[in-house]
Ligand code: PFF
């Protein structure tokens, strides 16, 4: 068991976990779900859910991860002294596998856009053409499959190097670069004519715009962006020494993740309003709208390229965490088996992801349960598997681990008092499960009012 690798530094752990959290969720999904879900009101709800539900769950995953010091499957059976509970880890591994199979499709689109820019293919087109180009790019089966493969390949190469030299080092370089370039992009966006309209759209809440669906989307979004319910945070915390301050780490990650989502919104909406584009354009927002926005600025394509490279980094650091949890489980943390297992797992994920990739082209008309393959996978992960995992983790932590063990673990490395502990415990034991059950009821269609 003590073969388990450890993070080299405290900041390395924070950046790697923030790297898992920050990805397509904050940069691609957040602006478009906020755009369709009510702008400022959605943003405030997302913030509230992140603090009230996401934060306790994140801390819960950290606590059992560090306490267990093992892979996600063993952690649960070990802490509950009952092998049945390993089901939570198994669900997480399965969820991660499916998640990466379609996440890598979007990762591939980013790579294709980078190639397009470098080849000069995005220069000086008019707005409508960017939409068309997006459709053309994502419907090309060979290009998208190759790009998806490249995305997975990069993840394999990094994860097979292990914790310190792979994930930690990559995150240490990528995450600060992302933050700095994002700030540059936002300054650029805010200097556009009419930028304030976009800022108002994102930050001034109009709660009358909320629907029951957008409320539930905000909840799902807060879990998705924090990588919760999949035991990724359990796995990352298992590489921690007892000296790490867990509450402080959780707060840092939440702040970083929220800042990035906010910066993504501030980079996108001022441009959308300044050029009279639609804030509710949906999943195409970044890919079809941003090039049009950047194209109208001096050095626009250069800035867009910088943006895409960081966007790719962010998606990759999330992908690393998805592969890592599978590798840790399959190899039972044996470093000798890491390389080979990572390759096999990566290739299997690619194969399973092929139908998702093709569902924007050749398989666009193939529908299962009224959804394309990509949408079905996304639906299964975001609306069923992740909330289910989060619910089980909340129940496990609050009911299967003794309060004393939880308190001691939480206190180790921090000087948290009983008051903080009690609030955290109540949120995790009662508030989080009830909220998740509401999401499930919505999936079953009980909230069509
Ligand atoms: N948090 C990632 C994002 O927002 O893109 C997605 C994610 C990564 C979800 C890892 C779940 C996970 F286990």
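The values are calculated or read from the model by the stated rules, or taken from the named source; none is laboratory data. None of the values given here were measured: they were computed from a predicted structure. FYI the Cβ positions are ideal-geometry reconstructions off the backbone, even for glycines, and counts take in every protein chain you see.
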*Out of curiosity, is residue 356 closer than 23 Å to residue 141 by Cβ, in contact with a helix residue (DSSP H, G or I) (Cβ under 7 Å, 6 or more places away or on another chain) and within 16 Å of the ligand (Cβ to nearest atom)?*
yes
*Could you figure out which of (1) closer than 30 Å to residue 179 by Cβ; (2) away from the ligand (no atom under 16 Å from the Cβ); (3) in a helix (DSSP H, G or I) isn't true of residue 313?*
(2)
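Show me the helices (runs of 4 or more DSSP H) found entirely inside the stretch 334-449 where at least 2 residues are under 26 Å from residue 87 (Cβ atoms) and in contact with a strand residue (DSSP E or B) (Cβ under 7 Å, 6 or more places away or on another chain).
373-379
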*Kindly provide the set of residues from the stretch 25-45 that are within 12 Å of the ligand (Cβ to nearest atom), within 16 Å of residue 203 (Cα to Cα) and surrounded by fewer than 24 Cβ atoms within 10 Å (Cβ to Cβ), ordered by number.*
33
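Any chance the stretch 377-392 includes a residue that's touching a residue at least 24 places away in the same chain (Cβ under 8 Å) and away from the ligand (no atom under 16 Å from the Cβ)?
Taking the stretch 377-392 as the starting set, the residues that turn out to be touching a residue at least 24 places away in the same chain (Cβ under 8 Å) are 377-378, 380-392.
From the residues that got through so far, the ones that are away from the ligand (no atom under 16 Å from the Cβ) too are none.
Checking the stretch 377-392: not a single residue is touching a residue at least 24 places away in the same chain (Cβ under 8 Å) and away from the ligand (no atom under 16 Å from the Cβ).
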*Is it fair to say residue 414 is at pLDDT below 90, in contact with a helix residue (DSSP H, G or I) (Cβ under 8 Å, 6 or more places away or on another chain) and within 14 Å of residue 228 (Cβ to Cβ)?*
no
*Among the residues of the stretch 120-169, how many are modelled with pLDDT of 80 or more and farther than 30 Å from residue 343 by Cα?*
6
_Being under 18 Å from residue 195 (Cβ atoms), within 16 Å of the ligand (Cβ to nearest atom) and part of a helix (DSSP H, G or I) is the requirement here; does residue 285 meet it?_
yes
*With 63, 11 as the choices, which residue is at negative phi, part of a helix (DSSP H, G or I), surrounded by fewer than 21 Cβ atoms within 10 Å (Cβ to Cβ) and more than 16 Å from the chain's Cα centre (by Cα)?*
11
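Taking the stated definitions as given, is residue 306 surrounded by fewer than 22 Cβ atoms within 10 Å (Cβ to Cβ), in contact (Cβ under 8 Å) with a residue 60 or more places away in the chain and either in contact with a helix residue (DSSP H, G or I) (Cβ under 7 Å, 6 or more places away or on another chain) or in a helix (DSSP H, G or I) (or both)? Step through it out loud before you land on a result.
Numbers: surrounded by fewer than 22 Cβ atoms within 10 Å (Cβ to Cβ): yes; in contact (Cβ under 8 Å) with a residue 60 or more places away in the chain: yes; either in contact with a helix residue (DSSP H, G or I) (Cβ under 7 Å, 6 or more places away or on another chain) or in a helix (DSSP H, G or I) (or both): yes.
Taking the combined requirement at face value, the residue satisfies it.
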*Looking only at residues in the stretch 321-333 that are modelled with pLDDT of 80 or more and surrounded by fewer than 24 Cβ atoms within 10 Å (Cβ to Cβ), which one is nearest to the ligand (Cβ to nearest atom)?*
330
*Return the residue satisfying two criteria in turn: it lies in the stretch 115-144 and is surrounded by 18 or more Cβ atoms within 10 Å (Cβ to Cβ) and closer than 21 Å to residue 23 by Cβ, and of such residues it is farthest from the chain's Cα centre (by Cα).*
117
_So, in the stretch 74-108, exactly how many residues are surrounded by fewer than 24 Cβ atoms within 10 Å (Cβ to Cβ), more than 12 Å from the ligand (Cβ to nearest atom) and either at pLDDT 95 or above or assigned to a helix (DSSP H, G or I) (or both)?_
11
